[in-house]
1. Which residues, counting only those in the range 123-134, are exposed (fewer than 14 other Cβ atoms within 10 Å of the Cβ) and either hydroxyl-bearing (S, T, Y) or in contact with a strand residue (DSSP E or B) (Cβ under 8 Å, 6 or more places away or on another chain) (or both)?
2. Within the range 110-118, is there a residue that is crowded, with 16+ Cβ neighbours inside 10 Å, in a loop (DSSP other than H, G, I, E, B), within 25 Å of the chain's Cα centre (by Cα) and at pLDDT below 90?
3. Looking only at the range 150-187, count every residue that is more than 16 Å from T118 (Cα to Cα) and acidic (D, E) and tell me the total.
4. Suppose we filter L80, L12 for residues that are touching a residue at least 12 places away in the same chain (Cβ under 8 Å), crowded, with 19+ Cβ neighbours inside 10 Å, hydrophobic (A, V, I, L, M, F, W, C) and closer than 28 Å to N272 by Cβ; which single one remains?
5. What's the number of the condition G51 fails, among (1) more than 26 Å from A267 (Cβ to Cβ); (2) at pLDDT 90 or above; (3) surrounded by fewer than 17 Cβ atoms within 10 Å (Cβ to Cβ)?
6. For a quick check of your reading: which helices (runs of 4 or more DSSP H) sit entirely within the range 226-308 and have at least 1 residues that are at pLDDT 80 or above, out of contact with any Asp or Glu (no Cβ under 9 Å at 6 or more places or on another chain) and surrounded by 19 or more Cβ atoms within 10 Å (Cβ to Cβ)?
7. Please indicate, with yes or no, whether at least one residue in the range 121-137 is within 30 Å of the chain's Cα centre (by Cα), in a strand (DSSP E or B) and not aliphatic (A, V, I, L, M).
8. Among the residues that make up the range 48-61, is at least one of them part of a helix (DSSP H, G or I), hydrophobic (A, V, I, L, M, F, W, C) and over 26 Å from the mean Cα position of the chain (by Cα)?
Amino acid sequence: MITIISSIIIFLLVILIHEFGHFIVAKRNGVSVLEFSIGMGPKLFQRESNGTLYSLRVIPVGGYCQLEGEDEENDSPNSLNNQSPLVRLKVILAGAIMNFLLAFILLILLMSVSRVSTEVSGVLEDSPAYSSGIQTGDKIVSINGKNINDGEELLKNIKESQGDLDIGVIRDSQSKNIKVTPRLENNVRKIGVNFQEEYDIKNFSLIKGFKKGVITFLNLTGMLYKFLGMLITGQLGLGGVSGPVGVVKEIGNAAKTGVANLIFLLAYININLGVFNLLPIPALDGGRAIFILIEMIFGKKISQEKEGYIHMVGLILLLALIAVVTIKDVIKLF
């Protein structure tokens, strides 16, 4: 049940914030919004205000923003197709930008209450820690006889150390000392361990959160583009791609491990959607943006009918890809 509820909330938030981006930029630029819907399927409730129909629908997953003149020619001066290329580009890109913005804010808030603990969450193979016998779950309590209570202090001591380290750990309620020789990597002394991240409102620091949030946001975004590059060049197959079923499974796992992990996953999915939507593929926002950029460069607009056919082909290919990935995810469940 927790997986279902968490998945509904996350899918609803991710898609609604995307559609809200299109909505708010369209409204601010005088583009007519025919309907803004929360959910899909038959209507439960609707209300019209300032020319826009606001509706609540039966299936609480996603939603949409219907713009006048988005997919067809329209004579109205307020329709999207009659706006300048710059206005159309802003409206098209606003959805992905809102996903990035939400992810950025969530990561800043999350990192503002985060603290690196001294509990080892992972040990890299062939690392000094691995060779010395440090294990996942060990809690490091001292370095060279100096008591350590904070993960950032621990990392600082390792970087600034000279020679071998006498590391005191607690494992299965028993204390033991382990000798480790750090390895120099990019002029930084490391022992090859990852530490558990803890979240507590008592640790709140917006300055620290902003700095760590920016770094985490850039790292996640860069990692996704690197992953896409590996897919395009054939270094990775579709086995590493997850569809809706795979995402629901990950949401369920995160929900069981705590709210913080669920918030982190929400930020990560928003970045995923933002990156994916900006790909220059017909039917995606990135594909639509390419047509607008071509118009801006060459000064000639491609007919909406021809562009519509191209987007239709792109949509069919995307649906086929989603179907293949979903079947793969379902097979993995058994």
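1. The one that is exposed (fewer than 14 other Cβ atoms within 10 Å of the Cβ) and either hydroxyl-bearing (S, T, Y) or in contact with a strand residue (DSSP E or B) (Cβ under 8 Å, 6 or more places away or on another chain) (or both): L124.
2. Yes, because at least one residue in the range 110-118 is crowded, with 16+ Cβ neighbours inside 10 Å, in a loop (DSSP other than H, G, I, E, B), within 25 Å of the chain's Cα centre (by Cα) and at pLDDT below 90.
3. Summing the residues that are more than 16 Å from T118 (Cα to Cα) and acidic (D, E) in the range 150-187 gives 3.
4. Selected residue: L80, the only one of L80, L12 that is touching a residue at least 12 places away in the same chain (Cβ under 8 Å), crowded, with 19+ Cβ neighbours inside 10 Å, hydrophobic (A, V, I, L, M, F, W, C) and closer than 28 Å to N272 by Cβ.
5. Only one criterion in (1) more than 26 Å from A267 (Cβ to Cβ); (2) at pLDDT 90 or above; (3) surrounded by fewer than 17 Cβ atoms within 10 Å (Cβ to Cβ) is unmet by G51, namely (2).
6. Fully inside the range 226-308 and qualifying: 259-277, 285-298.
7. yes
8. No, the conditions are met nowhere in the range 48-61.
The values are calculated or read from the model by the stated rules, or taken from the named source; none is laboratory data. This is a predicted model, so every value here is computed, not measured. Please note: Cβ atoms are built from the backbone with ideal geometry, for glycine as well, and neighbour counts cover all protein chains shown.
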